[in-house]
1. When you look at residue 60, is it under 20 Å from residue 94 (Cβ atoms), under 13 Å from the mean Cα position of the chain (by Cα) and among the hydroxyl-bearing types (Ser, Thr, Tyr), yes or no?
2. Please go through region 14-42 and give me each residue that is farther than 16 Å from residue 91 by Cβ, of a type in the set (A, V, I, L, M) and either in contact with a Ser or Thr (Cβ under 7 Å, 6 or more places away or on another chain) or modelled with pLDDT under 90 (or both), ordered by number.
3. Taking residue 95, is it small (Gly, Ala, Ser) and at pLDDT below 80?
4. Go through region 46-91 and report how many residues are out of contact with any Gly (no Cβ under 7 Å at 6 or more places or on another chain), of a type in the set (A, V, I, L, M), buried (at least 20 other Cβ atoms within 10 Å of the Cβ) and in contact (Cβ under 8 Å) with a residue 40 or more places away in the chain.
5. Is it true that residue 11 is surrounded by fewer than 16 Cβ atoms within 10 Å (Cβ to Cβ), polar (S, T, N, Q), modelled with pLDDT of 95 or more and more than 12 Å from the chain's Cα centre (by Cα)?
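The values are calculated or read from the model by the stated rules, or taken from the named source; none is laboratory data. Worth saying up front: this structure is predicted, and the values here are computed from it rather than measured. Quick reminder, even Gly has a Cβ in these numbers, built from the backbone with ideal geometry, and neighbours come from all protein chains shown.
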Amino acid sequence: MTEVMIDRVDSRNFNYDEGRKTLENEVVVFTGRGFTVRWELAQFARNCRAKVESTVTSRTTLLIVGEKPGGKLIKAKKMGCKIISCDDFYNILMGKDEENDIKEIELSLDILNI
């Protein structure tokens, strides 16, 4: 879903009850391109009782990554935050996360050229 920038998100298939099982009480930050509707995605996270912030801090528990992420990804990785793709975020919102558990992206700091 992040391969093409989208103008609007169709939220009719979102299951906020299921999303809450995964996102409730998470402190979420978005990074990278492909979020032309970032404010809308942030609202969806809030609907699942997550707190959305704009910067990675010691409170951040989850980073949602779009295309070409930058410094937030590096900082979150160093701080040990959970990191998922935008596609995984959509799957959580649609209730496709069977285990109600966040599956982190495996990232090596070597890949990030750190």
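1. Criteria not met by residue 60.
2. Result: 27, 29, 37.
3. no
4. Qualifying residue count for the region: 3.
5. Considered against the rule, which asks whether it is surrounded by fewer than 16 Cβ atoms within 10 Å (Cβ to Cβ), polar (S, T, N, Q), modelled with pLDDT of 95 or more and more than 12 Å from the chain's Cα centre (by Cα), residue 11 comes out as no.
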